[in-house]
Amino acid sequence: GSCFAQNLQSFMLPFGFHFYFERQICAYYQVKAMENLFLRLLEEEDYSDERIYEFSKNDHMAYEYFRLRHYGKNSKELVLHEMRRLDQECREEIGSADTFVTTLGTTIYYRKKNGRIVNAFFGMEMDESKGFDQLSVDEILESLESILASLKKLRKGKPFNWILTISPQRYAWPKKWTGVDNVTQSFICKAKNMIAIQEFLKSHTSESIIYFPSFEIVIDELRLFETLSTYDHLHINRELTPKYVVKRFLKSYCTSDLVNLLPLVEDIEKLFTFTTSRMKAGADFNSDLIQPAWDLLLHELSKHKNTEPLLQQIDLKRKSFENSTN
């Protein structure tokens with residue numbers, strides 16, 4: 001799905017979760033493109049020229065993926081090879097995972113003249129496309145049903161959990177494309193996704209499918225605090241707000257042992273930043289200016305269970321700092 005899926009990965013990896021998010025094949029902003037991914041994974045043989053956009057003889061892009069583009073005399077062959085590799089990798093990850101998180105962003109999509117949905121149209125000529133359109137609630141619902149059916153087939157009957165959520169990130173579709181102010185349009189998209197998800201859940205009460213309110217947390221709990229990032233004044237704060245939402249996510253679905261480690265994960269980040277700043281100022285890694293802080297953190301970690309992934313992370317960083325000293 002959209003940005004929140006990547007946020008989840010970045011904050012859950014330190015705990016040792018095997019969390020697959022390969023941006024080229026996992027980054028999707030509306031559910032129709034996601035549906036096409038799963039249908040493609042089931043077909044296994046659809047690698048036609050229609051799925052590749054040719055900027056020139058030496059510049060090709062697979063527009064159903066995210067920025068999957070190659071240059072040079074073999075660019076088309078390289079794109080096709082990468083498409084097959086990514087599809088197979090994703091197929092294997094779906095087969096081995098036990099929990100899936102899908103985050104919906106917008107309902108607006110871009111379709112080529114050949115009828116295919118474009119996921120990434122960076123640099124493509126506008127007149128190449130049939131233009132922008134919007135998914136209805138019923139269409140979103142149909143796509144969710146299709147994705148569920150595809151997941152079951154790819155899983156070959158093995159049970160799984162599915163967590164659905166709506167990205168709190170804003171979208172700035174130009175008014176000339178939608179006919180509506182971009183802020184209003186963003187809320188319309190979120191509302192459609194929300195209605196469709198709730199209708200979908202009503203039809204699957206007996207299955208392990210749940211909804212997590214990422215969008216609502218930002219709009220309600222953080223409405224006085226949530227800030228926009230400085231790089232485009234559009235996205236929510238790239239560090240603090242996603243971290244807040246992910247912490248709520250972990251507290252909702254993880255064991256108390258893991259939840260109790262959350263403050264220490266933040267302490268680890270602070271320790272790495274502290275060490276970097278001290279070493280830049282001339283301090284030796286093994287000096288009394290740095291080591292007591294490391295000893296204190298390791299002592300706190302020793303009081304908790306299942307800290308192996310965190311200890312491995314700390315050990316790798318320690319070796320990196322020691323190499324810098326040497």
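Throughout, read-outs are computed from the coordinates displayed, never taken from laboratory work. Bear in mind that the values here come from a model prediction, so they are computed numbers and not experimental data. Cβ: placed from backbone, ideal geometry, glycine included. Neighbour counts: every protein chain shown.
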Could you give the distance between the Cα centres of segment 21-50 and segment 81-140, to the whole Å? 6
Cα convex hull volume per residue for segment 45-159, in Å³, equals 119
Whole-Å distance linking the alpha carbon centroid of segment 147-161 with that of segment 278-326 is 43
Taking Cα pairs closer than 8 Å and at least 6 residues apart, the relative contact order of the chain in percent is 16
Take the cross-link list K243/K305; K73/K175; K158/K319; K153/K192; K202/K247; K57/K176 and give me the ones stretching past 30 Å between alpha-carbons. K73/K175; K158/K319; K57/K176
Among Y110, Y244, Y71, Y28, which comes first, second and so on when ranked by fewest other beta-carbon atoms within 10 Å? Y71, Y244, Y110, Y28
Rounded to the nearest 10 degrees, what's the angle between the helix 308-325 long axis and the longest principal axis of the chain, both from Cα atoms, 0 to 90? 70
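Pulled fully out, how much extra length does the chain show between A172 and E266, if you take 0.36 nm times their separation in residues and subtract their Cα-Cα distance?
Working: separation 94, 0.36 × 94 = 33.84 nm, distance 3.22 nm.
The A172-E266 span can extend by a further 30.6 nm.
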For the chain, what D do you get in µm² per second when you plug the Kirkwood radius from alpha-carbon pairs into Stokes-Einstein at 25 °C and 0.890 mPa s? 111
Using only the Cα atoms of segment 257-326, what are the Rg and Dmax in Å? 12.3, 38
